[in-house]
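Note sheet for the following structure.
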Amino acid sequence: MNRAGWPIVQIGDYLKVVAGPSFRSAEFVEGEDHIRLLRGDNIVQGKLRWDGVKRWHGDVQKRYHLEENDVVIAMDRPWIEAGLKWAWIQQKDLPAYLVQRVARLRATEGLDQKFLRYVIASPDFTAYIKPIVTGATVPHISGGQIESHRFPIPPLPTQRKIAAILSAYDDLIENNTRRVRVLEDMARALYREWFVEYRYPGHEQDEFVEDEQGRRPEGWEWLAIKDVAPVVTRGVAPKYTDDSDDLVINQKCIRDQRLNLIPARRHSSKVPPIKVIRFGDVLINSTGVGTLGRVAQVYQETENLTVDTHVTIVRADPTKMDLDYFGLVLMGLQSEFEAAGVGSTGQTELGRERIGMTALLVPPLQLQADFGMRVQPMRRLVEQLLLRNANLRRTRDLLLPRLVSGELDVSGLDIRGAAEELVAEAEAVA
């Protein structure tokens, strides 16, 4: 029994871990009509990434078909710097098949499936898994080790109340995430309509020219980035310390064309004024394989912020470029930056000169500004929603261990009322 009077049980008392079969890579197929294979590489901390997904065209036993709310854990390399590689399956992830060396957890009678999700998400489970990972070449865990984890289990009604409270946070985070995707898609669609398909306001009256660079409206110019951005510079070599309010951005902070300051670190290095980050700066990862070429624009007010030497700052001249247009056009060039690195494996570099020489199409400044006025409210709302999500995650992560351990007693609470009250409080903070 724990302090709440709940019995201590093993995961294996309520389920049998299932790992998927082996699939022959020679039979992987392309195309949206074929079923996705969930591999360990697709699992990150608490969610799935379907980039680099493999697909399968053949029949697979029913037991390897994933279902909504299944919990999955990577058994090979289960621990990354961000944390344990686990996630749960949502309707948007289906259909999908389980593959070898990925564990599926599906609760049986006496254990609520959603409560199981938060047992796996708890710091106790992470603390249990981290020291038992074995293997020098391929660190791994076994299904038996997962089943051996011990945890306090409350009565089913309490399990469901705990899951309902924590799910309320996750549902709101997911709803905000969907809104972010819609807003970003709207901004990109407007960019494409105006500046790729040339259906901007007044295009019917404009003349078009065509040369070796292609067709474009008369008066629009192809210019090098260095011609419209006077600052193209790498950051500083940081001296890391915990006794500072100054932050330095590294390459981990730039992903999915967004800036995430959570991996940023405190430092005490002297920063030249030109390398102090400003609103509207575009940041480009410039070293190594895998992260090189990723682009994000600083779309939040910042203080005491710079980047390290692996990231390039590109700062537009506001008399030549609207910041929103500049950010979207450089994000559209990400694949070009990713392919532009030079050097040996592990030492690949994207030089400032190469970035500066990259060409971009420059429409009249007034048209850029008109575009910026339309997309700026969308992009501002995206930042607000991302901030709300960060606050919701922080509150959920504080509540989770206290709820699943019984430190917070919710047995007498109304499920709906408790969930709504806690989420409303988190929203007020955001």
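The values are calculated or read from the model by the stated rules, or taken from the named source; none is laboratory data. None of the values given here were measured: they were computed from a predicted structure. Here the Cβ is made from the backbone with ideal geometry for all residues, glycine too, and neighbour counts use every protein chain on show. Each accessible area value is taken on the protein alone, full model and side chains, heavy atoms only, with ligands, DNA and RNA left out. Shrake-Rupley method; radii C 1.70, N 1.55, O 1.52, S 1.80 Å.
Screening THR358, THR348, THR319, THR312 for residues that are β-branched (Val, Ile, Thr) and closer than 20 Å to VAL276 by Cβ leaves exactly one candidate, THR312. Summed over the range 358-368, residues that are open to solvent by 30 Å² or more (accessible area, probe 1.4 Å) and either touching a Gly at 6+ places or on another chain (Cβ under 6 Å) or in contact (Cβ under 8 Å) with a residue 40 or more places away in the chain (or both) total 3.
I'd like to know if the range 134-157 contains one or more residues that are assigned to a strand (DSSP E or B) and at pLDDT below 95. Walk me through it before giving the result.
Of all residues in the range 134-157, those assigned to a strand (DSSP E or B) come to 134, 140, 150-152.
Within this subset, residues satisfying the condition of being at pLDDT below 95 are 134, 140.
There is at least one residue in the range 134-157 that is assigned to a strand (DSSP E or B) and at pLDDT below 95.
Note on the range 1-60: residues that are open to solvent by less than 50 Å² (accessible area, probe 1.4 Å) and either part of a strand (DSSP E or B) or aliphatic (A, V, I, L, M) (or both) amount to 19.
So which residues in the range 370-383 are hydrophobic (A, V, I, L, M, F, W, C) and open to solvent by 30 Å² or more (accessible area, probe 1.4 Å)? Don't jump to the end; show me each part of the working.
Here is the first cut: in the range 370-383, the ones hydrophobic (A, V, I, L, M, F, W, C) are 371, 373, 375, 378, 381-382.
MET373, MET378, LEU381 - these are the residues of the range 370-383 that are hydrophobic (A, V, I, L, M, F, W, C) and open to solvent by 30 Å² or more (accessible area, probe 1.4 Å).
When the residues of the range 274-296 are narrowed to those that are open to solvent by 10 Å² or more (accessible area, probe 1.4 Å) and not in a loop (DSSP other than H, G, I, E, B), which ends up farthest from VAL228 (Cα to Cα)? Of everything passing the filter in the range 274-296, THR287 is farthest from VAL228 (Cα to Cα). Counted as qualifying within the range 182-244 are the strands (runs of 3 or more DSSP E) with 2 or more residues that are over 28 Å from the mean Cα position of the chain (by Cα) and buried (at least 16 other Cβ atoms within 10 Å of the Cβ), namely 214-217.
Under the condition of being of a type in the set (A, V, I, L, M, F, W, C) and open to solvent by 40 Å² or more (accessible area, probe 1.4 Å), which residue from the range 134-170 is farthest from ASP414 (Cα to Cα)?
Within the range 134-170, the subset of a type in the set (A, V, I, L, M, F, W, C) is 136, 138, 141, 146, 151, 153, 156, 162-166, 168.
Checking which are open to solvent by 40 Å² or more (accessible area, probe 1.4 Å) leaves us with 136, 138, 156.
Working: ALA136: 49, VAL138: 46, LEU156: 15 Å.
Residue satisfying both the conditions and the ranking: ALA136.
If you go through the range 306-357 and keep only what is polar (S, T, N, Q) and open to solvent by 10 Å² or more (accessible area, probe 1.4 Å), you end up with THR309, THR319, GLN334, SER335, SER344, THR345, GLN347, THR348.
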